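Only one structure is covered here, and it is reproduced in the block below.
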Amino acid sequence: MANLLNGRVLAKKLNQGTVKVEAAKLARKPGLAVVLVGEDAASKVYVGRKTLVASRVGFEHQQITLPVETSQAELLSVIAGLNADDAVDGILVQLPLPKHIDGTFVLDTIAPEKDVDGFHPVNAGLLAQGRPRFVACTPKGVMELLRDADLSLSGKSAVVVGRSNIVGRPMAQLLEQANCTVTVCHSRTTDLEARVRAADVLVVAIGRPKAIVGDWVKPGAIVVDVGINRLDDGSLCGDVDFEGAVDKAGWITPVPGGVGPMTIAMLMANTLASAQARQA
Ligand code: NDP
């Protein structure tokens, strides 16, 4: 039976420990602005959680909710205002944006020194070069989970399934920088099963419920399931068949309670780091 990588417990420890303590030492509280466009139900839940945790760790926070018909120009003007506001250390635009808005164009206008999501090309480029500033919160949270469990990564075979800019790609870069030998799989990968079977460290971020069969997991492997999928009965599950994998893995994240809370904790850590840098 695998050991659980419990993100809920670690996130609480980090939020209530370092982040809250260090934030209280600053002359001005860290400020986080979260922008939500439209009425997407899941986005509303995520934004609500982020602002709740921000208040618990003692940050100033504001949620800017814009109607779904907001134009791209109006959204850009909101972001320009936040870029210019000295009380705002971190800006987050909740994804997905409505279809009439070019998300990439919009995210590129966030000041890189306030880009606490780590999606701006400047921050993505710094990570790619191995000199990270703001690292995307989900992969950063995965690395914290592995570090906290004191798992050795150097020389291990890592397989990352998914290559999005917000999860898979930065995840692969972080694992490579931790001296894993990394294989990145995606929708065109042939023989996914064989690649998964070879993984000492497996990170899955594809958004397909239970797509990774438990039996594929290498005995003793570290399995990190980033996926969050809602099933017809309303329950949540990951991209890995947890029940099948838990007896084979050495370590595994649950869904929910694994990577999700760590993503929010890393958003707080990045916002704190921004506030510290901007007040230095
Ligand atoms: P994207 O849809 O942006 O990317 C999905 C990736 O998975 C793509 O690279 C795609 O390949 C690949 N893929 C899709 N189907 C398969 C398949 N059958 N086999 C192999 N690869 C496949 O998703 P995200 O990266 O944004 O999110 C992935 C999952 O993680 C989602 O469930 C999301 O909800 C969850 N998530 C969870 C977070 C958390 O805090 N826990 C935070 C962010 C996301 P290709 O590039 O070829 O299209």
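Just a yes or no: is a residue in the stretch 250-260 among the hydroxyl-bearing types (Ser, Thr, Tyr) and in a loop (DSSP other than H, G, I, E, B)? Yes, the stretch 250-260 contains a residue that is among the hydroxyl-bearing types (Ser, Thr, Tyr) and in a loop (DSSP other than H, G, I, E, B).
Results for (1) within 16 Å of the ligand (Cβ to nearest atom); (2) crowded, with 24+ Cβ neighbours inside 10 Å; (3) not hydrophobic (A, V, I, L, M, F, W, C), shown as yes or no for each residue.
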residue: VAL204; (1), (2), (3): yes, yes, no
residue: ARG208; (1), (2), (3): yes, no, yes
residue: ASP215; (1), (2), (3): no, no, yes
residue: LYS218; (1), (2), (3): no, no, yes
residue: ILE222; (1), (2), (3): no, yes, no
residue: LEU231; (1), (2), (3): yes, no, no
residue: GLU243; (1), (2), (3): no, no, yes
residue: THR253; (1), (2), (3): yes, yes, yes
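Of the residues making up the stretch 78-111, just one is touching a Phe, Trp or Tyr at 6+ places or on another chain (Cβ under 8 Å) and in a helix (DSSP H, G or I), namely LEU107. Residue by residue through the stretch 61-78, note down the ones that are buried (at least 20 other Cβ atoms within 10 Å of the Cβ) and in contact with a Gly (Cβ under 8 Å, 6 or more places away or on another chain). The one that is buried (at least 20 other Cβ atoms within 10 Å of the Cβ) and in contact with a Gly (Cβ under 8 Å, 6 or more places away or on another chain): HIS61. For first residues located in the stretch 182-199 and basic (Lys, Arg), partners that are at pLDDT below 95 and more than 13 Å from the ligand (Cβ to nearest atom) and lie 6+ apart or on another chain with Cβ distances below 6 Å do not occur.
Among residues of the stretch 1-20 that are outside the structural domain of TRP251 (by TED's automatic domain parsing), those with a beta-carbon under 8 Å from a residue that is in a strand (DSSP E or B) and surrounded by fewer than 19 Cβ atoms within 10 Å (Cβ to Cβ) at least six positions away or on a different chain give the pairs ALA2/TRP251; ASN3/TRP251; LEU4/TRP251; LEU5/TRP251. Within the set LEU151, LEU192, the sole residue that is more than 11 Å from the ligand (Cβ to nearest atom), of a type in the set (A, V, I, L, M) and outside the structural domain of THR104 (by TED's automatic domain parsing) turns out to be LEU151. Among the residues in the stretch 67-82, are any touching a residue at least 60 places away in the same chain (Cβ under 8 Å) and either within 30 Å of PRO256 (Cβ to Cβ) or within 16 Å of the ligand (Cβ to nearest atom) (or both)? So far as the stretch 67-82 goes, no, none of its residues is touching a residue at least 60 places away in the same chain (Cβ under 8 Å) and either within 30 Å of PRO256 (Cβ to Cβ) or within 16 Å of the ligand (Cβ to nearest atom) (or both). Looking only at the stretch 163-178, residues that are out of contact with any strand residue (DSSP E or B) (no Cβ under 7 Å at 6 or more places or on another chain) and either touching a residue at least 40 places away in the same chain (Cβ under 8 Å) or among the charged types (D, E, K, R) (or both) come to 9 in all.
Within 16 Å of the ligand (Cβ to nearest atom) and acidic (Asp, Glu): is that true of GLU176 in this structure?
Working: within 16 Å of the ligand (Cβ to nearest atom): no; acidic (Asp, Glu): yes.
Spelling it out, it is not the case that GLU176 is within 16 Å of the ligand (Cβ to nearest atom) and acidic (Asp, Glu).
Summed over the stretch 7-41, the residues that are within 19 Å of VAL259 (Cβ to Cβ) and touching a Ser or Thr at 6+ places or on another chain (Cβ under 8 Å) give a count of 1. Put simply, of GLY58, GLY103, GLY81 the only residue that is closer than 12 Å to ALA33 by Cβ and surrounded by fewer than 20 Cβ atoms within 10 Å (Cβ to Cβ) is GLY81.
Yes/no matrix, rows are residues, columns are (1) without any contact (Cβ under 8 Å) to a residue 60 or more places away in the chain; (2) in a loop (DSSP other than H, G, I, E, B); (3) touching a strand residue (DSSP E or B) at 6+ places or on another chain (Cβ under 7 Å); (4) more than 18 Å from THR138 (Cβ to Cβ):
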{"residue": "LYS210", "(1), (2), (3), (4)": "yes, yes, yes, yes"}
{"residue": "LYS218", "(1), (2), (3), (4)": "yes, yes, no, yes"}
{"residue": "VAL223", "(1), (2), (3), (4)": "no, no, yes, no"}
{"residue": "GLY234", "(1), (2), (3), (4)": "yes, yes, no, yes"}
{"residue": "GLU243", "(1), (2), (3), (4)": "yes, no, no, yes"}
{"residue": "LYS248", "(1), (2), (3), (4)": "no, yes, no, yes"}
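Checking each residue in the stretch 154-171 for being surrounded by 22 or more Cβ atoms within 10 Å (Cβ to Cβ), small (Gly, Ala, Ser) and within 11 Å of the ligand (Cβ to nearest atom) picks out GLY162, GLY168.
The values are calculated or read from the model by the stated rules, or taken from the named source; none is laboratory data. Note that the structure is a prediction, hence the values are computed from the model and not measured. Neighbour counts are summed over all protein chains in view; Cβ atoms, including those assigned to glycine, are modelled from backbone coordinates with ideal geometry.
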